[in-house]
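First up is the structure itself, then whatever we jot down about it.
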Amino acid sequence: MEPLVFIIISLLGCFCFYQWDQNRKDAEEVQELMERTKRLEEEKKQRVEINRNVEEGKTRQLVLFALDKLGCRYEDDDEDHVRVTYQGETFIIECHDDCLFINVIDPWWYVIPTDDDIEEFAHMQKAINQVNSRCGCTLLYTINKEEKKIGVHTMKNLIFIPQIPDIHSYLESVFINFFRAKRDVLAEIEKYKAVEAETARRA
């Protein structure tokens with residue numbers, strides 16, 4: 001008789017544990033569903049607010065929304081510029097509330113002194129021209145005479161409106177393209193240096 005009682009108690013215990021576990025899972029699913037619904041409602045409210053702001057010419061709010069979605073750290077103290085950090089790189093976004101276009105800039109990511117070897121400058125120029133012909137952004141260099149340095153920058157002008165799907169991913173693709181252009185320019189410079197070194201070795 002005792003084994004039968006033990007079996008019945010064990011079965012009841014298993015059943016109770018199953019019910020408890022099932023109730024726990026159901027509660028977690030309900031909680032997750034409620035949180036998901038809340039997130040969707042918040043995103044919908046944000047989208048409505050963004051649409052209202054953009055209709056009023058507030059492109060800047062749309063930029064900040066996209067940066068928040070990407071989890072970027074940024075400073076927007078300047079009314080015309082937002083300084084953004086993405087994957088360790090600092091970008092500047094020029095955005096104005098009365099314009100539906102923005103400028104994204106990756107400034108001074110390659111610098112050489114103005115009194116450096118002329119060959120270094122030539123390599124940089126050729127690399128920029130080469131990569132400009134195949135990338136989706138604009139590479140250029142400027143000269144700072146006071147600090148005696150030459151710097152390479154990447155720029156992209158793009159329309160930025162709420163009708164663009166996943167606009168944060170759209171902005172992220174620009175950042176990624178900048179990284180690709182930077183990598184290609186540096187690779188081209190190294191290639192020119194290697195050719196020059198080989199030529200000098202054979203001379």
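The values are calculated or read from the model by the stated rules, or taken from the named source; none is laboratory data. Source: prediction; values computed, not measured. With ideal geometry, Cβ positions are generated from the backbone for all residues, glycine too; neighbour counts draw on all protein chains shown. When the accessible area is computed, the model is the full protein with side chains, heavy atoms only, and any ligands, DNA or RNA have been set aside. Shrake-Rupley method; radii C 1.70, N 1.55, O 1.52, S 1.80 Å.
Miscellaneous remarks
- With each label modelled as a point 7 angstrom along the Cα→C-beta vector, the Glu79-Asp115 pair spans 4.2 nm.
- Exposure ranking of His168, His153, His81 by accessible area [1.4 Å probe, largest first]: His81, His168, His153
- The stretch between Glu29 and Trp108, if pulled fully straight at 0.36 nm per residue, gains 23.5 nm over its current Cα-Cα span.
- Structure note, pairs Lys45/Lys69; Lys126/Lys149; Lys126/Lys156; Lys126/Lys193; Lys126/Lys182; Lys145/Lys182: Cα-Cα distances above 22 angstrom occur for Lys145/Lys182.
- Taking 7 Å steps out from each Cα toward its Cβ at Ala187 and Lys69 produces label points 3.0 nm apart.
- GluC sites (Glu not before Pro) restricted to the range 66-135 and DSSP loop, no more than 15 other C-beta within 10 Å: Glu79
- Overall dimensions of the range 83-163, expressed as equivalent-ellipsoid semi-axes from the Cα gyration tensor (√(5λ), whole Å, largest first), are 28, 15, 11.
- Length released on extending from Glu198 to Ile161, taking residue separation times 0.36 nm less the Cα-Cα span: 8.3 nm
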